[in-house]
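The next block holds one structure in the form of structure tokens; read it before the comments.
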Amino acid sequence: MREELALETKEGTFFLRPYRPGDETAILASWKAAFGKEMTLSHWRWKYPENPEGFRCLLCLSEDGTVVVHYAAQVQRISFYGREILGLHLTDSFSHPRYRWALGGKTGLFVRTGRTFLRTFLEEVDLPAEPLATDLPKAQLAYGFPGERHFRLGVRLMKYRLHEPGILYLVADGPGKKLPRLKNEDILAFSAWDELDRLFSQARNQVFGVIRGASFIRWRFSWPGKKYKIFYTKTFWRKKIKAWTILSTEDSRWRLLDFWARDQEDLAELLGGVLHQAPRGLETWLAGNHPLVRAFEEAGFTREKEPLGIVPSTRCYFAGGKIPPEAADEFFFTMADADLF
């Protein structure tokens with residue numbers, strides 16, 4: 001297999017290859033052209049190289065070095081009912097507006113880049129593309145939260161599929177129940193990381209989702225310029241954390257981004273306590289199949305229409321066809337699994 005592909009078009013040659021150190025300047029310049037806003041270098045570094053599990057990035061470059069297409073993913077450790085697998089959270093797929101003439105359709109540069117990315121970095125994928133050479137371990141799950149237009153393109157041309165339980169958007173106005181033992185800290189000041197590992201490990205054999213331990217939480221909530229708080233409750237006798245949730249409290253309505261608990265009752269109790277402190281209530285979204293979703297109903301949350309038009313997409317890619325693609329419907333997620341908040 002080749003390490004780089006040359007794509008010939010009537011307007012010139014383009015080059016398809018993985019990210020190399022030093023590409024950041026060109027990537028961020030094209031990001032600004034595509035989205036009309038800046039991404040800082042510190043944000044990019046946090047999102048990709050500083051992720052403890054790594055990242056994958058494939059670029060389509062013009063002859064002058066412009067990033068024409070960027071297709072990337074954050075790597076995450078996934079518990080597949082106790083078995084650890086790799087997942088690729090697809091993020092920041094974009095194309096440079098100056099090259100729209102070369103981007104559209106089945107033979108366009110965007111689709112060819114996306115197909116090559118999936119063939120290169122995932123286990124068995126039936127797509128008409130040549131994988132590039134890589135010594136990186138291949139992943140068994142791809143997931144993401146694209147908008148409707150991107151999702152429709154992905155379904156037609158790149159094996160995307162809808163996560164059937166979908167997104168459950170929940171809001172609560174409070175006030176909730178006051179809990180004297182409710183604790184909260186800025187996440188950067190939190191120190192009981194081993195407690196988060198312990199709590200999630202108790203359920204790993206029963207769930208299919210990102211491993212919500214210290215490694216993921218410490219990285220995810222160190223987003224440059226953002227502030228997050230962790231709220232938690234402890235057992236009475238052993239003083240062990242029994243439920244936690246992480247929130248963005250900068251807006252008048254707080255946003256509940258992530259959580260875990262021993263059981264539904266512990267989480268419902270914690271949610272009630274957090275609601276008591278939230279000035280204008282809470283909002284959150286999560287997978288409709290989340291193992292702790294009943295706690296939100298018990299705490300008084302109600303369902304509303306998700307306002308951003310996010311489409312959850314998941315698909316399994318196990319070699320040998322041992323696990324069907326639709327098994328990805330069992331994957332659970334929260335707001336923390338997206339890169340939006």
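The values are calculated or read from the model by the stated rules, or taken from the named source; none is laboratory data. Given the structure is predicted, the values throughout are model-derived calculations rather than measurements. Cβ sites come from the backbone with ideal geometry, for glycine too, and all protein chains shown count toward neighbours.
Across the stretch 13-54, what is the total count of residues that are under 21 Å from ALA129 (Cα atoms) and surrounded by 12 or more Cβ atoms within 10 Å (Cβ to Cβ)?
Residues that pass the stated criteria total 6.
For the stretch 231-238, check the following and say yes or no: at least one residue is among the hydrophobic types (A, V, I, L, M, F, W, C), surrounded by 18 or more Cβ atoms within 10 Å (Cβ to Cβ), assigned to a loop (DSSP other than H, G, I, E, B) and not assigned by TED's automatic domain parsing to the domain that holds LEU127.
For the stretch 231-238, residues among the hydrophobic types (A, V, I, L, M, F, W, C), surrounded by 18 or more Cβ atoms within 10 Å (Cβ to Cβ), assigned to a loop (DSSP other than H, G, I, E, B) and not assigned by TED's automatic domain parsing to the domain that holds LEU127: absent.
Which residues, taken from the stretch 122-171, are within 18 Å of PRO18 (Cα to Cα) and over 17 Å from the mean Cα position of the chain (by Cα)?
GLU123, ALA129, GLU130, PRO131, LEU132, ALA133, THR134, ASP135, LEU136, PRO137, LYS138
To keep it simple, each residue is scored yes or no on (1) aromatic (Phe, Trp, Tyr); (2) under 30 Å from ARG156 (Cα atoms); (3) touching a residue at least 12 places away in the same chain (Cβ under 8 Å); (4) outside any loop (DSSP other than H, G, I, E, B).
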| residue | (1), (2), (3), (4) |
| --- | --- |
| ALA243 | no, no, yes, yes |
| GLU269 | no, no, yes, yes |
| ARG280 | no, no, yes, no |
| TRP285 | yes, yes, yes, yes |
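I'd like to know if the stretch 111-133 contains one or more residues that are closer than 14 Å to LEU7 by Cβ, assigned to a strand (DSSP E or B) and touching a residue at least 40 places away in the same chain (Cβ under 8 Å).
No - not one qualifying residue is present in the stretch 111-133.
Conditions (1) among the charged types (D, E, K, R); (2) in contact with a strand residue (DSSP E or B) (Cβ under 7 Å, 6 or more places away or on another chain); (3) surrounded by 24 or more Cβ atoms within 10 Å (Cβ to Cβ), marked per residue:
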| position | (1), (2), (3) |
| --- | --- |
| LEU275 | no, yes, no |
| ARG280 | yes, no, no |
| ASN289 | no, no, no |
| LEU292 | no, yes, no |
| GLU298 | yes, no, no |
| PHE301 | no, yes, yes |
| GLU304 | yes, yes, no |
| CYS316 | no, yes, yes |
| ALA319 | no, no, no |
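Considering only the stretch 262-269, I want to know if a residue exists there that is within 23 Å of ARG45 (Cβ to Cβ) and not charged (D, E, K, R).
Within the stretch 262-269 (the criterion being within 23 Å of ARG45 (Cβ to Cβ) and not charged (D, E, K, R)), the answer is no, since none of the residues qualifies.
If only one of PHE151, PHE200, PHE117, PHE110 is buried (at least 18 other Cβ atoms within 10 Å of the Cβ), of a type outside the set (A, V, I, L, M), at pLDDT 95 or above and assigned by TED's automatic domain parsing to the domain that holds PHE14, which one is it?
That would be PHE117, the only listed residue that is buried (at least 18 other Cβ atoms within 10 Å of the Cβ), of a type outside the set (A, V, I, L, M), at pLDDT 95 or above and assigned by TED's automatic domain parsing to the domain that holds PHE14.
Out of the strands (runs of 3 or more DSSP E) lying entirely within the stretch 9-90, which hold 3 or more residues that are touching a Gly at 6+ places or on another chain (Cβ under 7 Å)?
So the answer is 67-80.
Quick check: is even one residue across the stretch 289-301 part of a helix (DSSP H, G or I), assigned by TED's automatic domain parsing to the domain that holds ALA214 and modelled with pLDDT under 95?
Yes, the stretch 289-301 has at least one match.
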